[in-house]
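The values are calculated or read from the model by the stated rules, or taken from the named source; none is laboratory data. On a predicted model such as this, the values are computed, not experimentally measured, just so you know. For neighbour counting, all protein chains shown are included, and Cβ atoms are generated from backbone atoms with ideal geometry for every residue, glycine included.
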Amino acid sequence: MIHFVLLISRQGKVRLTKWYSAYPQKERTKVIREISGEVLARGPKLCNFVEWRGLKVVYRRYASLYFCMCINQGDNELEVLEIIHHYVETLDRYFGSVCELDLIFNFHKAYYILDELLLAGELQESSKKTVARLIAGQDALVETAKEEANSISSIIAQASK
Amino acid sequence: MAGPSMMETLFQRTLEDLIKGMRLQLIGESAFISKAVEEIRREIKSTDLHTKSIALQKLTYLNSLHDVDMSWAAFHAVECMSSSRFADKRIGYVAASQSFNESTPVLLLITNQLRKDLTSVNEHEASLALECLAKIGTVDLARDLTPEVFTLLSSSKVFVRKKSIGVTMRVFEKYPDAVRVCFKRLVENLESSDPQSLSATVGVFCELAAKDPLSYLPLAPEFYRILVDSKNNWVLIKVLKIFARLAPLEPRLAKKVTEPICEHMRRTGAKSLMFECVRTVVGSLSEYESAVKLAVVKIRELLLEDDPNLKYLGLHALSIVAPKHSWAVLENKEVVIKSLSDEDANIKLESLRLVMAMVSESNIIEISRVLVHYALKSDPEFCNEILGSILSTCSRNFYEIVMDFDWYVSLLGEMSRTPHCQKSEEIEFQLIDVGMRVRDARPELVRLARSLLIDPALLGNPFLHRILSAAAWVSGEYVEFSLNPFELAEALIQPRASLLPTSIRVVYLQSVFKILIFCVNSYLSQTETLADLEPEVPDSISQRENSEASDLASVRALFEREHDEAFNPGVLDRPSTDNSIEDIGNAADGDGQTSTFVSFRKNGFTRESIVNLVNLVEVAMRPLSVSLEVEMLERTCNILGLIEVLKRELPAVFQNEKVLEKEELEVLKLIKLMNDAFSEELGPVSTSAQERVPIPDGLVLKDNLADLDEVMGDVKLPSSSSFSLESPYNGQRMDPASCNVQSKEDSEASSESTSLLAEHRKRHGLYYLPSEGNGTISNDYPPANDLKSGDTNQDDTEDFVKLTAQSLVSKKKPNYAKPRPVVVKLDEGESVPVVLKKRDSRDDLLSGAVRDILLGDDAVKLSSSIKGKEKVNADPLDSKENMHDMENSSHRKSSSRRSKQRPHRKERGQTNPEKLGVEKEEHGGKVKSKSSHRHGRQKSRQKAEGSSDIIAETPVIPDFLL
């Protein structure tokens, strides 16, 4: 199972975190520091696995972003690499040739997409199309709600309550 | 209230504004964040849910990426969750799943909200609730929401169903009783036609089986079907993981799955699936020769790839296969050894593990030699990895693979001189351990100790101090093997020894004491015999030297005596320490010179050498006798006391008289006693020795030691002032006479303790090593292998490959000049007691519940099969079953026979591969015909019926894969 997912930029900035195992807030900071230290220090031609605290961190670099997932020792490393790639492809499909800035400004969307891919640390949707459809469905729900909310009349109605 | 609310709504910064602001801020990130949090705190109190949710979203962002605390906003998250608008709801749920934990108080409030959303017609809302539950589910939530999850497990919306399957994991984990409700629906999903639900279900079983595989053995047929039928690599990998857990539990199952797994391995183009097959085979099916061979071929393919990932995984797989099939490693040894110099530290580490796995008693010498050279060239971290693995491999199981201990001891020496060595603790332990366990290694140990001790450069390296401590101990304990004890003593009292920490200096001092006793005793016992046999001093030249030397000595003694005055209680305040240290330095130098030209003959303790030694030690000890450390002070006083006794009681020695007088024999006895005390052999002590001492009959051990206070009430604890170090010139301590007395007492005590020890040994021989005669071992021991010669320059990997290739290929046992020395072992007692891993009670509950359900079915199967057929091989599961299950099953028997409805289930059980196609078709049909009201239990009973019939038809394969 995947314990957590981290997106770290080459400069060590955290772009996304998602925790499937229970890590208290303090611990999270420490974990991020340790992992980014380990992962960012590795050269380009090295293998994508790092042993860490008896677990394994599988990471992959896309442009300036490192996608890291932490798994158990016995889990399949190549499978996780594929999950990472799957996630990136899904993001790509959603944003249209995704770049780091997309993820910075649409932090929450990257988050929702990840939620559709993984549940309780397991891959639950391996079809990019399905994920795209689901996210589009949710976006539509949000949009209609927003339109309602943003109409001046509703604001005034609320304000004069 | 209305005004600000509207203003907030209109001018609130969105998440995007926040992110943009963060990137453009000029006031520093932390200042910006604290400002933003302030703003959020204001906004989140708004009555407008939209404003609130945007504030919450911003807070979630800050929490996720900038570690801002958001536990205070838990209630606001709950408010947003209850919004009717999806956008707000989603923000609320994300915030909750990110920040809630078991101890969040508002968890109690969300049960109903979750229930409402789980049953919502909007699939996206249900999905939000499921995601949240998967993350924050507690015992209470899991219990209260089990019915809803159960309903969703058979939802017609695939999207919701697969998520609810994922959630069952968390629910089971928190609330094992949910298994009784949900398990059957979960199992039904194994037959789902939807790949996503199937994948999710297999994922759940994979996690469950990892915790307790035994409980899921009865589901093996379902998994087997998936293994054979599925084309989905995600699913196959998970199923393989399940089989990797199940196969070791049931040999027939292992036999059955081997072929399909090999088939996947041959056929698949996906590396991840192929690697999973390899890992399953080498990890769990290693008895199947052909499968392992195929796997090793695949591993080789991985190793030859350029991709470092595949290489790493190949090495990893090899290390799994290594313990059982070492040939696999040998076949790939070039790659493995070349990987030692890979640029990737992970690959290096993995190949190091493999190299160590190849080690055997015939090649350990070569491998270690090459590895130590490798360590010299590596970066400090990897260097210590190498040293650590050599140390642990060689010491495994009481130095099982070490045949030549002289070699091993010198290897330890070489390792301790490796520049980056930080393994001093381990080396220290092993030096002492080898000394205690292997009698034959002691001369070499002393030789090593000498070379370490006399090198003043080593004292400057704090990493080596522990090793030096071991060397000092060895030199004192086994001084009888030393070629030149005087040299050892000199090394131990060299001025640079002051660089050592006190804890180690103490060991040095104790060793000096032992050496001194040994030397004096040897000399005295020698002169005794000499006096009997040949009263003349043999060599006139040496006599002249003697007199010169003793002149020198007496001059120094005089000086010392003068110096001594300074220590008299009257002139305490004179700061003499600095002076004396200088003096010592000079004196030591002078002595060094003297001792170099005093030719030391084998086993020869000449009078002047003893006098020199005694004087030298005395000079060195004087400044230490004002040490501030209790331990050091005490040991120094012991030594000084001994010297005092010697000087007073043995004037014959110190005043250049040839014949010993009668009354001096008294001292002789004393020295002998002390020497005996020290030559008492120290053996290894079993870790469980204490436990094995039987409690004597009349002894009652009290748990409560409260009445100890009463007993101790009138006993005054020694006040710390008596040890006060503030006034080191304690007259009593410095008084030679009292020192004398003290040392006498000391020696008496020690002789007493020896006799006690001997008595104890006689009575409880069990706890001691068999005592053997202290056979003297000749000093001309064969020299150790000189590791430095020859290959100092060899650093080519090719050479390494060649070397190890030779050593690995040679199957014959190497001829050793001498048999392997005895290594003392204390049989069972010494293994570290294995602490059984205590399993989580929740896990127990969970697997208990699962077994209840699965074995309940199984009992039906078993009993019906017994009833159906007289000669059935006992099902392997019956051993696990208890009587309760048997009873249950007999109750159900009749109904189970009645429920036999679907004959085509029987075919499913066929093991012939040709039948599988048919089976699949029928499977498709069955799914269509599956009516929603059918209950899981009923179905598995049918299955059981089917299997019993198959067994009846083909009694040869009583496989529960059927």
Only unsatisfied item for B:M415, checking (1) surrounded by fewer than 22 Cβ atoms within 10 Å (Cβ to Cβ); (2) part of a helix (DSSP H, G or I), is (1)
Tell me the residue from B:E350, B:E334 that is at pLDDT below 85, surrounded by fewer than 22 Cβ atoms within 10 Å (Cβ to Cβ) and part of a helix (DSSP H, G or I), please. B:E334
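Is it the case that B:R90 is within 22 Å of A:G121 (Cα to Cα), away from chain A (no Cβ under 13 Å) and part of a helix (DSSP H, G or I)?
Values: within 22 Å of A:G121 (Cα to Cα): yes; away from chain A (no Cβ under 13 Å): no; part of a helix (DSSP H, G or I): yes.
No.
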Report whether or not B:L108 is in contact (Cβ under 8 Å) with a residue 12 or more places away in the chain and in contact with a helix residue (DSSP H, G or I) (Cβ under 6 Å, 6 or more places away or on another chain). no
Inspect the range B:434-447 for any residue being touching an Asp or Glu at 6+ places or on another chain (Cβ under 6 Å), small (G, A, S), surrounded by 18 or more Cβ atoms within 10 Å (Cβ to Cβ) and not in a loop (DSSP other than H, G, I, E, B) and give the result as yes or no. no
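Here is a yes/no grid of residues against (1) under 26 Å from A:D102 (Cβ atoms); (2) modelled with pLDDT under 85; (3) part of a strand (DSSP E or B); (4) among the β-branched types (V, I, T):
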{"site": "A:R15", "(1), (2), (3), (4)": "yes, no, yes, no"}
{"site": "A:E27", "(1), (2), (3), (4)": "no, no, no, no"}
{"site": "A:I32", "(1), (2), (3), (4)": "yes, no, no, yes"}
{"site": "A:K45", "(1), (2), (3), (4)": "no, yes, no, no"}
{"site": "A:V50", "(1), (2), (3), (4)": "no, no, yes, yes"}
{"site": "A:Y59", "(1), (2), (3), (4)": "yes, no, yes, no"}
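Here is a yes/no grid of residues against (1) among the small types (G, A, S); (2) modelled with pLDDT of 85 or more:
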position	(1), (2)
A:Y87	no, yes
A:D92	no, yes
A:E100	no, no
A:I113	no, yes
A:G121	yes, no
A:Q124	no, no
A:S127	yes, no
A:A132	yes, no
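State the number of residues belonging to the range A:1-13 that are under 26 Å from B:W72 (Cβ atoms) and assigned to a strand (DSSP E or B).
Final tally of qualifying residues: 3.
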The one condition B:G269 fails out of (1) closer than 30 Å to B:V335 by Cβ; (2) assigned to a helix (DSSP H, G or I) is (2)
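Conditions tested, residue by residue: (1) assigned to a loop (DSSP other than H, G, I, E, B); (2) outside the structural domain of B:P495 (by TED's automatic domain parsing); (3) at pLDDT 80 or above.
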| residue | (1), (2), (3) |
| --- | --- |
| B:R622 | no, no, yes |
| B:E634 | no, no, yes |
| B:G641 | no, no, yes |
| B:V645 | no, no, yes |
| B:V653 | no, no, no |
| B:L660 | yes, no, no |
| B:L673 | no, no, yes |
Being within 13 Å of B:D404 (Cα to Cα) and either aliphatic (A, V, I, L, M) or without any contact (Cβ under 8 Å) to a residue 12 or more places away in the chain (or both) is the filter here, so list the residues in the range B:427-448 that pass it. B:V434, B:V438, B:A441, B:L445
Count of the range B:272-287 residues which are assigned to a loop (DSSP other than H, G, I, E, B) and either out of contact with any Ser or Thr (no Cβ under 9 Å at 6 or more places or on another chain) or surrounded by fewer than 20 Cβ atoms within 10 Å (Cβ to Cβ) (or both): 2
May I ask you to list pairs of residues, at least six apart or on different chains, whose Cβ atoms are under 9 Å apart, with the first in the range B:386-399 being assigned to a helix (DSSP H, G or I) and the second being among the small types (G, A, S)? B:I386/B:A375; B:I386/B:S378; B:L387/B:A375; B:I390/B:S368; B:I390/B:A375; B:T393/B:A357; B:T393/B:S368; B:C394/B:S368
Could you look through the range A:4-32, keep only residues that are closer than 22 Å to B:R170 by Cβ and charged (D, E, K, R), and pick out the one that is farthest from the other protein chains (Cβ to nearest Cβ)? A:E27
Would you confirm whether or not the range B:311-328 contains a residue that is within 14 Å of chain A (Cβ to nearest Cβ) and exposed (fewer than 15 other Cβ atoms within 10 Å of the Cβ)? no
Kindly list the number of the only condition in (1) buried (at least 18 other Cβ atoms within 10 Å of the Cβ); (2) out of contact with any Ser or Thr (no Cβ under 7 Å at 6 or more places or on another chain); (3) within 13 Å of chain B (Cβ to nearest Cβ); (4) more than 27 Å from B:N233 (Cα to Cα) that fails for A:I35. (3)
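Only residues that are part of a helix (DSSP H, G or I) and among the polar types (S, T, N, Q): list them for the range B:418-433, please.
Listed by number, the residues that qualify are B:S424, B:Q430.
So that you can scan it fast, the table gives a plain yes or no per residue for (1) farther than 22 Å from B:K647 by Cβ; (2) hydrophobic (A, V, I, L, M, F, W, C); (3) outside any helix (DSSP H, G or I):
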| position | (1), (2), (3) |
| --- | --- |
| B:H465 | yes, no, no |
| B:W473 | yes, yes, no |
| B:L483 | yes, yes, yes |
| B:E487 | yes, no, no |
| B:A491 | yes, yes, no |
| B:I504 | yes, yes, no |
| B:L509 | no, yes, no |
| B:K514 | no, no, no |
| B:C519 | no, yes, no |
The listed residue being at pLDDT below 85 and buried (at least 24 other Cβ atoms within 10 Å of the Cβ), out of B:V158, B:V167, B:V179, B:V171: B:V179
What number of residues within the range B:72-111 are within 43 Å of the chain's Cα centre (by Cα) and β-branched (V, I, T)? 3
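Evaluate the range B:249-271: report whether one residue or more is closer than 30 Å to B:P323 by Cα, of a type in the set (S, T, Y) and within 14 Å of chain A (Cβ to nearest Cβ).
yes
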When you look at B:I33, is it more than 25 Å from A:I8 (Cβ to Cβ) and touching a residue at least 24 places away in the same chain (Cβ under 8 Å), yes or no? no
Please go through the range B:471-501 and give me each residue that is modelled with pLDDT under 85 and among the polar types (S, T, N, Q), ordered by number. B:S482, B:N484, B:Q494, B:S498
When the residues of the range B:64-78 are narrowed to those that are modelled with pLDDT under 85 and of a type outside the set (A, V, I, L, M, F, W, C), which ends up surrounded by the most Cβ atoms within 10 Å (Cβ to Cβ)? B:S64
Going by the conditions given, is B:Q113 in contact with a strand residue (DSSP E or B) (Cβ under 9 Å, 6 or more places away or on another chain), of a type in the set (S, T, N, Q) and without any contact (Cβ under 8 Å) to a residue 60 or more places away in the chain? no
Quick check on my filter: what residues within the range A:61-102 are of a type in the set (G, A, S) and either in contact with a helix residue (DSSP H, G or I) (Cβ under 8 Å, 6 or more places away or on another chain) or over 28 Å from B:K20 (Cβ atoms) (or both)? A:A63, A:S64, A:G74
May I ask you to verify whether A:A63 is away from chain B (no Cβ under 11 Å) and either in contact (Cβ under 8 Å) with a residue 60 or more places away in the chain or more than 25 Å from B:K58 (Cβ to Cβ) (or both)? yes
